[in-house]
Amino acid sequence: MIHRDQAERILKTVLQASTADETQVVLQSEDLCQTRFNNNWIHQHLFRETYSVEIKVIHQNRVGIATVNDLDESALRKGVADAMHNASFVKPNPNLVPLPEPKPIREFDGINQNTLLLSDMDRANLVASMIAVAKENHVDASGSFSNELSSIAVANSKGVMAYHAGNNLRIRNIMANGLQTGYAEAMATDVKDIDFVAVAKDALWKSKLKAEESLTLELGSYDTIFEPQAVADLIRFPGYIAFQGQSFLDGRSFMAKTMGERVFDEKVTVYDDAYHPRHIPMPMDAEGMPKQKVMIIENGVAKGVVFDHATAVKAGKESTGHATSGRRGGPSPSHLIIEPGHSSLEEMIRNTKRGVYVTRFHYTHCPEPMHVIATGTTRDGTFLIEDGEIVARLKNLRYTDSMIRVFANVDSLSRQQYLVKDWWFTFTMLVPAMKIRDFTFTGNTTF
Amino acid sequence: MKDQIQELLALAKRLGASYADVRFTKQISRPLMMRNGEVDQFSVSEDKGIGIRVIVDGGWGFASTPSKDPKELEKAVQRAISIAKASASCKIKNISLTSLDPVEDHRKVKVEKDPFQVTVEDMSQLLRSCHDAMVQVPEIKVTSGMITMQNIQKVFASSEGSWIEQDITRTGANIEAYARGEGDVQRRSYANGRTAGYETIEMLNLEQRAAKLAKEAADLLKAPECPKGRNTLILGGDIAQLQVHESCGHPIELDRVLGSEDTYAGKSFLTPDLYGKGYRYGSNVVNMTADATITGGNGSFFYDDDGVPAQRTPIVENGIFKNYLTSRETAGNFGLTSNGTNLAMNWANIPLIRMTNINLEPGDWSEEEMIKDTKKGVLVDTPKSWSLDDKRVNFHFGGEIAYEIEDGEIVRMVKNPAYTAITPEFWGSCDAVAGKKKGEWEVWGNTNCAKGEPVQVVHPGHGAAQVRFRNVKVGVGE
């Protein structure tokens with residue numbers, strides 16, 4: 001990982017080399033350790049060191065970009081020259097939004113020392129402790145354990161100079177009891193905050209629960225309880241489609257015409273807050289702008305979307321600190337949070353006459369973005385609830401439903417929130433478990 | 001470089017590796033993106049580095065670094081060894097690789113027109129012409145276009161004596177038109193790519209397509225919803241290629257079949273017990289191949305990242321499942337040698353079994369004959385959404401556009417088409433595959449195939465033409 005001193009030297013080298021009207025440079029680095037296991041052994045195991053320097057110049061209303069992963073001064077200077085060269089070919093855009101002015105950032109050290117000191121053998125041993133649970137209980141463990149240390153540094157010719165480094169880890173585990181599976185996961189910045197054996201046991205009990213057979217559910221609408229990682233996949237669609245400034249400006253977001261109106265159930269409050277103490281904190285975005293807390297849905301009412309600098313200017317607002325880097329760029333939520341409720345998973349089950357319990361989803365997608373109609377299948381533990389109890393395991397189900405309708409039909413939310421990612425790894429989110437009235441299942445699968 | 005890489009391999013052996021390979025790649029990309037007729041972004045990116053893979057005490061280790069510093073490279077070797085030892089502490093068997101004769105080779109994709117020499121003016125003029133054609137239609141509110149080019153120079157060296165250099169150029173484009181009406185937005189798009197030069201772009205007829213796409217997007221705003229219910233379904237080549245990708249290409253990846261992708265991408269319904277048993281994947285008219293040797297195919301190359309030569313392998317013959325995609329590590333499970341599909345996104349990642357060009361081989365029909373032969377049905381084209389369960393059994397696809405067919409003729413355009421089915425039942429209901437007429441069957445370039453943790457995105461190809469299925473559940477919510 002690239003540390004602050006080295007990062008600032010690189011950023012300054014780029015800025016000094018540029019003769020453009022405006023220059024922005026984003027340096028990102030990552031040290032990733034990933035341990036993957038299946039059938040009770042480690043089958044993939046890697047260390048990956050990556051870094052990239054993205055140089056963006058604006059010269060005479062033309063934008064040019066070059067990205068390099070060579071940190072030699074000559075390579076950086078070539079990157080600047082390439083960006084200028086690229087800009088020279090581009091037709092001037094009189095509507096171009098200038099780079100942002102610097103703003104104060106609440107800096108903090110995001111590196112946890114316990115996590116930083118994990119060795120390759122430590123990671124293997126933690127995975128082995130989960131595999132031991134599997135072996136003791138005659139099931140097969142599979143999963144993935146990632147330990148990521150990353151930094152981002154941003155500077156521009158208007159005086160922005162910002163740096164942040166942090167680390168986090170995530171463990172995901174499937175226990176396979178023959179054809180029946182159970183899943184659990186955990187994510188944290190401090191390895192001491194994750195009980196690996198507890199995660200394994202959580203996946204284990206779901207793999208053993210009502211494992212004798214799987215029933216085929218009659219399709220239709222059911223009161224449905226979602227574990228947090230399933231909730232993450234449901235809110236992901238409004239998250240990337242509707243809660244961001246570009247689709248809002250384009251009119252491709254349902255929020256474009258409903259701002260100030262009730263769109264979700266009044267129990268639902270969604271916001272983005274990179275400083276929330278239970279999130280993976282981050283002080284800034286890929287333009288070096290400070291992260292702002294953005295209220296998106298408050299008590300069911302559409303309140304706002306996140307902006308990067310350019311979309312904010314076009315909307316007549318201030319950047320909320322949600323710029324992304326890379327090929328497409330643009331604004332995106334980064335730290336979505338759904339406010340907790342007053343229930344628990346146990347209470348939700350107890351209060352359900354007949355319904356479905358969903359552990360997680362697989363490969364969800366959105367056929368109709370404007371109405372946020374989404375589809376996907378359940379996996380790794382889908383159960384039938386009758387008279388307040390889980391009575392049977394179900395074969396996996398396909399849902400197809402509008403997420404606007406789904407979040408308008410919230411029955412209850414759990415008191416506890418969980419730090420999870422959606423299946424696609426789009427967002428890290430802090431969300432509760434959730435019960436929805438009349439969730440629509442449209443297909444069965446064979447297992 | 002050769003001496004340096006050989007030194008790294010020798011170091012790995014000295015430190016206890018029973019096998020080692022080193023992969024160096026340098027990848028240059030130059031995408032030009034246009035949004036609403038203005039260049040949104042023109043960039044060049046260069047990414048290079050080295051990945052070192054070792055087997056020690058029967059366990060895998062891998063480490064990668066972008067550094068050129070010899071000391072950092074040695075540290076990467078040491079880290080790969082350390083990781084392999086940690087892996088070996090939690091193994092149930094020793095990793096073994098199928099035999100492979102070492103090879104020394106240097107291959108390069110044939111490029112007629114170097115895309116990196118094409119001026120930005122020419123490229124932006126082409127995309128601007130597409131935009132201009134699209135906005136002739138008043139309902140079109142947003143347009144975008146992109147031309148991409150990528151050159152990958154790859155060196156693979158192994159402790160078994162292989163030294164392989166490959167130079168692969170890939171070029172592609174996509175254009176999109178968004179029409180906005182009262183409470184509705186409809187998109188029409190086109191994307192394609194090949195392992196070839198800028199001649200690819202000239203073959204795609206983007207300007208002509210742009211005008212047609214824009215009109216279709218606007219017409220979709222006024223079109224009725226696609227009728228729901230069981231129906232005959234004809235897929236256009238653009239969505240048929242993705243159907244092949246998702247419901248055949250992924251389930252035949254042997255690493256996934258054996259469980260190594262379970263947590264994220266899932267497993268496969270094509271379980272090992274079905275191999276070699278004459279399992280019926282589809283009807284008699286369904287023939288599929290994996291072919292990394294197709295000239296210009298987006299998924300073509302010369303050697304995979306095990307150093308195994310590119311091959312053509314039958315996957316489904318007359319509806320019967322024949323073969324998986326394999327690597328040197330997995331092929332031995334079936335007493336086979338690798339069919340050469342182990343590929344990494346770049347130097348920084350380990351190779352995984354990936355699709356090459358997975359093709360639905362051309363059939364005896366033409367699209368015209370297929371429509372004429374359909375009493376009642378829906379023709380769907382261009383993928384808008386796709387979702388499959390974790391064994392690739394139940395799937396749901398959404399298309400951008402559809403047409404109702406009655407008594408052998410297309411009678412109206414309908415919007416928001418979707419269909420859902422169970423994979424072997426679906427391919428079992430296939431009764432006609434086109435490809436008879438020139439231009440119907442082509443190898444489509446897929447630019448966004450994700451797999452693995454960390455996620456690796458690669459670029460397979462899929463030969464496909466129009467294809468017909470009977471008695472399919474059609475319509476969103478069905």
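Structural remarks
- The range A:15-47, subset among the small types (Gly, Ala, Ser) and more than 10 Å from every other protein chain (Cβ to nearest Cβ), residue surrounded by the fewest Cβ atoms within 10 Å (Cβ to Cβ): A:ALA17
- Of all residues making up the range B:385-404, the number that are in a strand (DSSP E or B) and crowded, with 24+ Cβ neighbours inside 10 Å: 11
- Residue within the range B:266-274 that is of a type in the set (Ser, Thr, Tyr), in contact with a Lys or Arg (Cβ under 9 Å, 6 or more places away or on another chain), at pLDDT 95 or above and in a loop (DSSP other than H, G, I, E, B) present: yes
- Screening A:LYS208, A:LYS201 for residues that are of a type in the set (D, E, K, R) and within 30 Å of A:ARG437 (Cβ to Cβ) leaves exactly one candidate, A:LYS208.
- Single residue of B:ALA179, B:ALA191 found to be of a type outside the set (Val, Ile, Thr), assigned to a strand (DSSP E or B) and away from chain A (no Cβ under 14 Å): B:ALA191
- Look at the range A:360-372: where a residue is under 14 Å from B:ARG187 (Cβ atoms) and at the interface with another protein chain (Cβ under 7 Å from one of its Cβ atoms) and a partner is outside any loop (DSSP other than H, G, I, E, B) and of a type in the set (Asp, Glu), sitting 6+ places away or on another chain with Cβ atoms under 9 Å, you get A:MET370/B:ASP184.
- Cβ-Cβ under 7 Å pairs, at least 6 apart or on other chains, the range B:130-150 side in contact (Cβ under 8 Å) with a residue 60 or more places away in the chain and away from chain A (no Cβ under 14 Å), far side part of a strand (DSSP E or B) and of a type in the set (S, T, N, Q): B:MET134/B:THR143; B:VAL135/B:THR143
Results for (1) part of a helix (DSSP H, G or I); (2) surrounded by fewer than 22 Cβ atoms within 10 Å (Cβ to Cβ); (3) of a type outside the set (S, T, N, Q), shown as yes or no for each residue.
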| residue | (1), (2), (3) |
| --- | --- |
| A:ASN173 | no, no, no |
| A:ALA200 | yes, no, yes |
| A:LYS206 | yes, no, yes |
| A:ALA211 | no, yes, yes |
| A:ILE225 | no, no, yes |
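- Condition check for B:ARG328: in a loop (DSSP other than H, G, I, E, B) and of a type in the set (D, E, K, R): yes
- Complete set of residues in the range A:49-64 that are buried (at least 23 other Cβ atoms within 10 Å of the Cβ) and at the interface with chain B (Cβ under 7 Å from one of its Cβ atoms): A:TYR51, A:VAL63, A:GLY64
- Residue match in the range A:253-267 (condition: under 29 Å from A:MET161 (Cα atoms) and assigned by TED's automatic domain parsing to the domain that holds A:SER343): no
- Boolean, A:ILE10 is within 13 Å of chain B (Cβ to nearest Cβ), touching a residue at least 60 places away in the same chain (Cβ under 8 Å) and outside any strand (DSSP E or B): no
- Selection from the range B:105-129 of residues that are more than 14 Å from every other protein chain (Cβ to nearest Cβ) and farther than 21 Å from B:HIS459 by Cα: B:ASP105, B:HIS106
- Exactly one residue out of B:ILE234, B:ILE164, B:ILE152, B:ILE201 is part of a helix (DSSP H, G or I) and in contact with a strand residue (DSSP E or B) (Cβ under 9 Å, 6 or more places away or on another chain): that is B:ILE201.
- Restricting the range B:270-284 to residues that are surrounded by 15 or more Cβ atoms within 10 Å (Cβ to Cβ) and touching a strand residue (DSSP E or B) at 6+ places or on another chain (Cβ under 7 Å), the residue that is nearest to B:ALA432 (Cα to Cα) is B:SER283.
- Among residues of the range A:88-99 that are within 9 Å of chain B (Cβ to nearest Cβ), those with a Cβ under 6 angstrom from a residue that is among the charged types (D, E, K, R), sequence gap 6+ or separate chain, pair up as A:VAL90/A:ARG62; A:ASN93/B:GLU38.
- Check on A:SER142, within 20 Å of A:HIS45 (Cα to Cα), out of contact with any Phe, Trp or Tyr (no Cβ under 8 Å at 6 or more places or on another chain), within 8 Å of chain B (Cβ to nearest Cβ) and at pLDDT 95 or above: no
- Considering the range A:347-411, the qualifying strands (runs of 3 or more DSSP E), each wholly inside and each with 3 or more residues that are in contact with a Phe, Trp or Tyr (Cβ under 7 Å, 6 or more places away or on another chain) and within 20 Å of B:TRP386 (Cα to Cα), run over A:354-368, A:373-386, A:397-402.
- Residue list for the range A:314-337, filter: of a type in the set (Val, Ile, Thr), over 24 Å from B:GLY145 (Cβ atoms) and out of contact with any helix residue (DSSP H, G or I) (no Cβ under 8 Å at 6 or more places or on another chain): A:ILE337
- Selected residue [in contact (Cβ under 8 Å) with a residue 60 or more places away in the chain and touching a Cys at 6+ places or on another chain (Cβ under 8 Å)] from B:TYR281, B:TYR264: B:TYR281
- Of the set (1) within 30 Å of A:PRO94 (Cα to Cα); (2) in contact (Cβ under 8 Å) with a residue 40 or more places away in the chain; (3) within 14 Å of another protein chain (Cβ to nearest Cβ), all apply to A:THR258 but (1).
- Contact map, the range A:118-136: residues that are more than 18 Å from A:ASP193 (Cα to Cα) and more than 7 Å from every other protein chain (Cβ to nearest Cβ) paired with residues that are basic (Lys, Arg) and assigned to a helix (DSSP H, G or I), Cβ distance under 9 Å, separation 6+ or inter-chain. Pairs shown: A:VAL133/A:LYS201.
- Where A:PRO333 falls short, out of the listed (1) surrounded by fewer than 21 Cβ atoms within 10 Å (Cβ to Cβ); (2) in a loop (DSSP other than H, G, I, E, B); (3) on the phi < 0 side of the Ramachandran plot: (1)
- Breaking point among (1) touching a Lys or Arg at 6+ places or on another chain (Cβ under 7 Å); (2) among the β-branched types (Val, Ile, Thr); (3) at pLDDT 95 or above, for B:VAL39: (3)
- Of the numbered criteria (1) within 11 Å of chain A (Cβ to nearest Cβ); (2) of a type in the set (A, V, I, L, M, F, W, C); (3) assigned to a strand (DSSP E or B); (4) buried (at least 19 other Cβ atoms within 10 Å of the Cβ), the one B:ALA76 fails is (3).
- For B:GLY408, the conditions (1) in contact with a helix residue (DSSP H, G or I) (Cβ under 9 Å, 6 or more places away or on another chain); (2) crowded, with 23+ Cβ neighbours inside 10 Å; (3) among the small types (Gly, Ala, Ser) are fulfilled apart from (2).
- Test for A:ASN147: is it more than 14 Å from chain B (Cβ to nearest Cβ), within 17 Å of A:THR35 (Cα to Cα) and not in a loop (DSSP other than H, G, I, E, B): no
The values are calculated or read from the model by the stated rules, or taken from the named source; none is laboratory data. Being a predicted model, the structure only gives us computed values, none of them experimental. No Cβ is skipped: glycine too gets one built from the backbone with ideal geometry, and neighbour counts run over all protein chains shown.
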